[in-house]
Amino acid sequence: MTPRIFGLETEYGIIVARRPGASPTSAREGGELPTVEQAVKLMFEATPNAFRTTNHFLPNGGRLYVDIGSHPEYASAECVRLDDLVANDQAGDRFVQDLADTANAVLAERGVPAGIHVLRNNADSFGQTFGCHENYSASRSSDFGHLIRTLTALLVTRPILTGCGDLIAEADGSTRFVVSTRSEHIATTSSADPTKERPLVNTKDEPHADRTRWRRLHVISGDSSMAETTTALKAGWTALVLDLAEHGGSLDDLLPEDPMAAMRIVNRDITGRARFTTVEGRQLSALDVQREILSRVLDRGIAEDHQARWVVDLVTRSLDALASGNLDRIGTELDWVVTWRLLQRQRERTGVDWGHASLARLVLAIRDLSPTAGLAGRLRASGQMAAYCTAEQLQDALTNPPTTTRARVRGKFVGWAAERGYRASVDWSHVRLDGPIRPQIDLLDPFASRSGDVAALLAELS
Amino acid sequence: MKQIHRTSSRSAEPVDPPEPVDPPAPAAAAGQRLDSILDDISDVLETDALTFVQSYAQQGGQ
């Protein structure tokens, strides 16, 4: 796999719900339930000094802040290894849930019979959507249009591997299971407006690096992933396809005639066999397209690194499992399959149809980060949701940045300044000490894990 | 319990419906392994599920 900077930005959903057993009367006595905006404000207020801001770079290289629509958002550190990416991304869940735990304790002290739930999903119950954005560095010399076309051919059908699984209402009032939440909300292939246009790829040119050398490919069509393996697959598979494109490979013949219509078809078919028309007039399914992409990636040849081998193995096994109809073979590794199996099992137990509220509630429980109210912890502990990282890697990522990127320099600076009570200005591509005042140090190479200027500054004032 | 439907903020473009296919069912043994997890939260799923789901209302993000 070509060395490439990966990053993930996860917007979290918030539910403020009455605590079990709390009556409407006690709710009135304790005051109105907080709004989402009030809950998020409380989350970011009721925290230790290091987090007492709504826009904070962290010692582990990530960034925690509040985004449009009062969504807590965690942006991972820049990573070049998939295990670093997964571990750093998982650290975001811990940080945001810790904020919620602290805020819930405050609510309890105040006698407010409400609990704040943090959800790692991509739409509320009324169709408002929010994203999980993926970042991939690319050379400025690459043919950007070619990369966008290649990503389009990949992303329309990628959800059959990387979707989270969800329930949606159809126009006739029925409810059905779909493989991806975000696929229902994407409206165009590329645009510089991620909110109104909702494209597969946001084309705004914001590299957070030396713009003469790099671009940042900003994929915004993917779902948030609960399973670590799905997160690794999402980034790793996309990176392998970008490698193919950057070495002259093309997926142009696999482009759908109508990408958005094809995306809806793929989303409504958990077998991966429903077909759509390509620009060349062929009738292909998601399985067909992903198999063809896999074939071209393998024909080009992948480097002998364990990351690429792991990704190719999971893609291969997933496509084989889908083709055979035996989803148990990938039942713990792909998010949508984990979700589908739980929903299907609950339907078998209770006899309810897809529109029953208990199934919608189950989907939310799967995405709930709380160790008590959510299911992810139980699924992982029982082996029903696969791990990619070791427990030690996950623990380490809470406090330490990846050692192979610029995040190492920035994270070390952030921790050092916080320990000494120095005021600092920090962004992805620079650090600056504001008290005592020192010149800004630019960090324009995201692959540079060391900075002589930052080391000298730390030595001067330590 | 009432039925509830999650909605999409963008209606799907008119498309030909996919060919009808029977979804594969989880194997019995695998399904049984999920039961203990579902048992753990049976109260949550059966009590005020509709209220909880309908309380999930946010502004959209990016």
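Per residue of the range B:50-60, in order, report the coupling 6.51 cos²θ - 1.76 cosθ + 1.60 (Karplus, θ = phi - 60°) as ³J(HN,Hα) in whole Hz, putting x for Gly and Pro.
5, 4, 4, 4, 6, 7, 8, 9, 9, 6, x
Got a sec? Charge dipole of the range A:61-168, +1 on Cβ for Lys and Arg, -1 for Asp and Glu; which of A:148, A:131, A:70 is way out at the positive end?
It is A:148, whose Cα lies furthest towards the positive end.
Which loop-located GluC sites (Glu not before Pro) does the range A:238-328 contain, where loop means any DSSP state but H, G, I, E or B and the Cβ has at most 10 other Cβ atoms within 10 Å?
Counting only loop positions with at most 10 other Cβ atoms within 10 Å, the GluC sites (Glu not before Pro) in the range A:238-328 are A:304.
Provide, for q = 0.06 Å⁻¹, the log10 of I(q)/I(0) from a solvent-free Debye sum over equal Cα point scatterers in the protein assembly as shown.
-0.27
Which number comes out as Rg/Rh for the range A:338-462 once both Rg and the Kirkwood Rh are worked out on C-alpha atoms?
1.24
At 25 °C and 0.890 mPa s, grab the translational diffusion coefficient of the range A:407-461 from Stokes-Einstein with a Kirkwood Rh over Cα pairs, rounded to a whole number in µm² per second.
222 µm²/s
Kindly write out, for the range A:296-301 in residue order, the coupling ³J(HN,Hα) from the Karplus curve 6.51 cos²θ - 1.76 cosθ + 1.60 (θ = phi - 60°), rounded to whole Hz, with x marking Gly and Pro.
5, 4, 6, 4, 5, x
Under 5 Å between amide hydrogens, which residues at least 5 positions from residue A:192 or on another chain qualify, with H placed 1.01 Å from N in the peptide plane?
The answer is A:203.
Report D for the range A:112-192 in µm² per second (integer): Stokes-Einstein, Kirkwood Rh on Cα pairs, 37 °C, 0.692 mPa s.
Estimated via Stokes-Einstein, D reaches 213 µm²/s.
Can you compute the helix-only [θ] at 222 nm over chain A? Use -39500 (n - 2.57) per DSSP H run of at least 4 residues, normalise by all residues, nearest 500 deg cm²/dmol.
Computed ellipticity for chain A at 222 nm equals -12500 deg cm²/dmol.
Rank these for me by crowding, A:234, A:204, going from fewest to most other beta carbons within 10 Å.
A:204, A:234
Of A:221, A:358, how do they rank once you tally other Cβ atoms within 10 Å and put the fewest first?
So the residues, fewest neighbours to most, are A:358, A:221.
Fewest Cβ neighbours within 10 Å first, please rank A:336, A:237, A:428 accordingly.
The order, fewest Cβ neighbours first, is A:428, A:237, A:336.
For peptide A:357-370, how many partner chain Cβ atoms fall within 10 Å of a residue's Cβ, on average?
6
Per residue of the range A:145-159, what does 6.51 cos²θ - 1.76 cosθ + 1.60 with θ = phi - 60° give for ³J(HN,Hα)? Whole Hz please, x for Gly and Pro, Karplus curve as stated.
x, 5, 5, 5, 5, 5, 5, 4, 4, 6, 6, 4, 9, 4, x
Might you report the magnitude of the Cβ-based charge dipole of the range A:311-431 about its Cα centre, with Lys and Arg at +1 and Asp and Glu at -1, to the nearest 20 debye?
In total the dipole reaches around 340 debye.
Number of Lys pairs in the protein assembly as shown with C-alpha atoms less than 30 angstrom apart, excluding same-chain neighbours closer than eight positions?
Step by step, the pairs that qualify in the protein assembly as shown add up to 8.
So, with +1 on the Cβ of K and R and -1 on the Cβ of D and E, and no other charges, what is the size of the charge dipole of the protein assembly as shown about its Cα centre, to the nearest 20 debye?
Using Cβ point charges on Lys, Arg, Asp and Glu, the protein assembly as shown gives about 580 debye.
Under a 5 Å amide H to amide H cut-off, with H placed in plane at 1.01 Å, what residues pair with residue A:5 once short-range neighbours are removed?
HN-HN under 5 Å from residue A:5: A:137.
What is the projected area of the convex hull of the Cα atoms of the range A:138-368, averaged over all directions, in nm²?
Across all orientations, the range A:138-368 yields a mean hull projection of 13.4 nm².
For a distance above 13 Å, tell me the whole-number percent of Cα pairs in the range A:357-404 that qualify.
Of the Cα pairs, 68 percent sit more than 13 Å apart.
Over the protein assembly as shown, what is the percentage of antiparallel beta bridges among all DSSP beta bridges, to the nearest 5?
If I count the DSSP bridges inside the protein assembly as shown, around 95 percent turn out antiparallel.
Read-outs throughout are calculated quantities, based only on the coordinates presented, and are distinct from any laboratory measurement. Bear in mind that the values here come from a model prediction, so they are computed numbers and not experimental data. Cβ atoms come from the backbone with ideal geometry, glycine included; neighbour counts cover every protein chain shown.
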